Amino acid sequence: LSDFLNADNVRYLSWLHEVGRGNFLAAHNALSSLAGSERNFLSKKKTLLSLSKLAGLAAENAEESIQDTIEAINEELDLVLHQEQLPSKTVENVGMDPENMRVLSPEELIKLYVSEKNEFANELDVKKALDLLRYVDKSHGMKESEELKLHIWCRAILMDSWSDANQAEPLDSKREKIFFKTVDLVYMEGELENLLPDLDSLLSCAELQELSQQANFRFLMRGGYEQIQNALSAAN
Amino acid sequence: LAPDVTVTAEDRAKIDAIDWLVFDESHRSEAMKQANAIMRAFIAVKKHLAARQAFEKLPTDSIDVIYRQWHLQTGTGELPVEDSNAIREYMCMKAYLDAVESFNDWFSLYHQGRPAKPSVGSEGVASFTDRVALEHKMKQYQMEMERWRHSLRQQTRVTKDRIYNVLLFADGGWLVDAEEETDMDEVRQRQMSQLRKLHLPALCLNLHNVLHSSEMYADAVQIADVIASEHHQLYQDFDTESLQHLLGQISRSSRCLLDENKDPLGYEVV
């Protein structure tokens, strides 16, 4: 019977059988592999992950062998949570029903958090996008994650208008910018050195091409970066 | 929950003792702490009626009174940690008693409230008058069934909300202090953690029972989401055995979903 249940089209039933037999470790594994392949329904993926976690915890004498998978499940649940926290307006803007979302990949989620579709995005959204980068590292490696990182910071810059800067106190107006507010948030977690790209690669991004021509913008960015460097070297 | 409705003379004496602390408003925060301690003891042995009576000894304005008294004494609005923890515990007790009572109401409605189907009688429907009488009874029965289903749905909804109120108690969970006291009362801490382990798994099972019996199978399966969440960490109050039992119950709901031609979590099969 177990063989039959492992066949592809009835695989979604096997965990029921295993729970019935009292084989919770097998149920745990079956459920997490189902969760891994679920793409259509976010809430379904969440329940599969949750059930898998509970089955793992219910398995006797398995504390050590399942530690890693439980942690992996928690990471996945965290990703689900990030998607659930998207403002429902934003989800609607991309044509999805907030009550019935499909599963977004970490890349899609990052892009959505900082996209124009997320109309009221602020530094917290940018921070979430940065937090999500670790999921991309894991699945795709460095190059893609570096590109996404630049994209996130570019979008943070583009969320504000830079032309109306207060000419008398330029460094004060800087404080109001989402980009620098995000820098503060990341700095507080001590992640700034890992997450902030250097100024030149940022300014040479295609997304910022137009803005980089403006002397005022370049001036504010240089000033801001200088302060950041000072803060970092003072901390070390 | 087999509710213990007996209130012995000894219980009564404990409950009535709260009266002495309620006369003077400046004693109100002490009254709340004592009432909480008495309720903890009652709830630990499932004496819900006695706990409710102890709860009702405290006037409903007690939280206001405690704030006002503290303000009078010190001029600040910020309560000492042990007072704010006591208030929080009092709210936890209220949420729990509400949930339990709601569940008991649901239970008796489900098991005793269901209208009886009129019996045809052993001799069958012989005469015309018998048939008319039976038809009339059937019609009445169907109306009563409809009414019963309606109130059951209502009661299910209320019970579900109230149990979730306990399970998802804001800022850290049911019977967990929001702030740590410098001078910790270890007995109280131990009692609270025991009450969590004793009652939270049972409440989850009751919630499952309510949803399953009301044929809300998909909701019954989704209880897993709440229990497994790192935010609430309810799974930590389960031991292996009760988790196994819970998963068994959830898979029972899944099988019912299969019978409805859905997948085990209640989604359409693609």
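Among residues that are surrounded by fewer than 18 Cβ atoms within 10 Å (Cβ to Cβ), modelled with pLDDT of 90 or more and within 11 Å of another protein chain (Cβ to nearest Cβ), A:Asn9 is not included. Condition first: touching a Ser or Thr at 6+ places or on another chain (Cβ under 9 Å) and open to solvent by 80 Å² or more (accessible area, probe 1.4 Å). Now tell me which residues in the range A:196-234 satisfy that. Hits for the range A:196-234 are A:Ser204, A:Arg218.
Restricting B:Arg157, B:Arg162 to residues that are under 30 Å from B:Ala44 (Cβ atoms), open to solvent by 60 Å² or more (accessible area, probe 1.4 Å), part of a helix (DSSP H, G or I) and in contact with a helix residue (DSSP H, G or I) (Cβ under 9 Å, 6 or more places away or on another chain) narrows the list to B:Arg162.
The residues of the range B:18-29 that are loosely packed, with under 15 Cβ neighbours inside 10 Å and under 29 Å from the mean Cα position of the chain (by Cα) amount to a single one, B:Asp19.
Residues of the range B:239-259 that are open to solvent by 10 Å² or more (accessible area, probe 1.4 Å) and within 21 Å of the chain's Cα centre (by Cα): B:Asp239, B:Ser242, B:His245, B:Gln249.
Specify which of the listed residues (B:Gln73, B:Gln140, B:Gln69) is touching a Ser or Thr at 6+ places or on another chain (Cβ under 6 Å) and either touching a residue at least 12 places away in the same chain (Cβ under 8 Å) or farther than 26 Å from B:Val210 by Cβ (or both). If you could, list the steps in order and put the result at the bottom.
On the way: B:Gln73 fails: touching a Ser or Thr at 6+ places or on another chain (Cβ under 6 Å); B:Gln140 fails: touching a Ser or Thr at 6+ places or on another chain (Cβ under 6 Å).
Among B:Gln73, B:Gln140, B:Gln69, only B:Gln69 is touching a Ser or Thr at 6+ places or on another chain (Cβ under 6 Å) and either touching a residue at least 12 places away in the same chain (Cβ under 8 Å) or farther than 26 Å from B:Val210 by Cβ (or both).
Of the residues screened, B:Arg149 is one that is among the basic types (Lys, Arg) and free of Cβ contacts under 8 Å to residues at least 60 places away in the same chain. None of A:Ser115, A:Ser52, A:Ser65 is in the same structural domain as A:Glu144 (by TED's automatic domain parsing) and among the hydroxyl-bearing types (Ser, Thr, Tyr) except A:Ser115. Is it true that B:Leu195 is at negative phi and either over 12 Å from the mean Cα position of the chain (by Cα) or part of a helix (DSSP H, G or I) (or both)? Judged against the criteria, B:Leu195 is a match.
Where helices (runs of 4 or more DSSP H) sit wholly within the range A:36-124, those with at least 2 residues that are more than 14 Å from chain B (Cβ to nearest Cβ) and either surrounded by 19 or more Cβ atoms within 10 Å (Cβ to Cβ) or of a type outside the set (Phe, Trp, Tyr) (or both) occupy A:63-84, A:88-93, A:106-113.
For the range B:246-260, taking the residues that are of a type outside the set (Lys, Arg) and facing another protein chain (nearest Cβ under 9 Å), the one that is farthest from B:Ile163 (Cα to Cα) is identified as B:Leu258.
Within the group B:Asp177, B:Asp219, which residue is surrounded by 15 or more Cβ atoms within 10 Å (Cβ to Cβ), touching a Lys or Arg at 6+ places or on another chain (Cβ under 8 Å) and over 20 Å from B:Phe107 (Cα atoms)?
B:Asp177 is the lone residue from the list that is surrounded by 15 or more Cβ atoms within 10 Å (Cβ to Cβ), touching a Lys or Arg at 6+ places or on another chain (Cβ under 8 Å) and over 20 Å from B:Phe107 (Cα atoms).
Only a single criterion out of (1) touching a Leu at 6+ places or on another chain (Cβ under 7 Å); (2) open to solvent by 20 Å² or more (accessible area, probe 1.4 Å); (3) closer than 23 Å to A:Ser105 by Cβ is not satisfied by A:Glu193, namely (3).
Evaluated against (1) at pLDDT below 90; (2) buried (at least 20 other Cβ atoms within 10 Å of the Cβ), A:Lys138 falls short on exactly one condition, (2).
Here's the yes/no breakdown for (1) touching a residue at least 60 places away in the same chain (Cβ under 8 Å); (2) surrounded by fewer than 15 Cβ atoms within 10 Å (Cβ to Cβ); (3) closer than 21 Å to A:Leu49 by Cα:
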site	(1), (2), (3)
B:Gly173	yes, no, no
B:Arg188	yes, no, no
B:Ser193	no, yes, no
B:Cys204	no, no, yes
B:Leu207	no, no, yes
B:Val210	yes, no, no
B:Ala228	no, no, yes
B:Asp237	no, no, yes
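Looking across the range B:214-228, the residues that are more than 14 Å from chain A (Cβ to nearest Cβ) and under 16 Å from B:Asp161 (Cα atoms) come down to B:Ser214, B:Met216.
The values are calculated or read from the model by the stated rules, or taken from the named source; none is laboratory data. Please read all numbers here as calculations on a predicted model, not as lab measurements. Quick reminder, even Gly has a Cβ in these numbers, built from the backbone with ideal geometry, and neighbours come from all protein chains shown. The accessibility values were calculated without ligands, DNA or RNA, using every heavy atom of the protein model including side chains. Shrake-Rupley method; radii C 1.70, N 1.55, O 1.52, S 1.80 Å.
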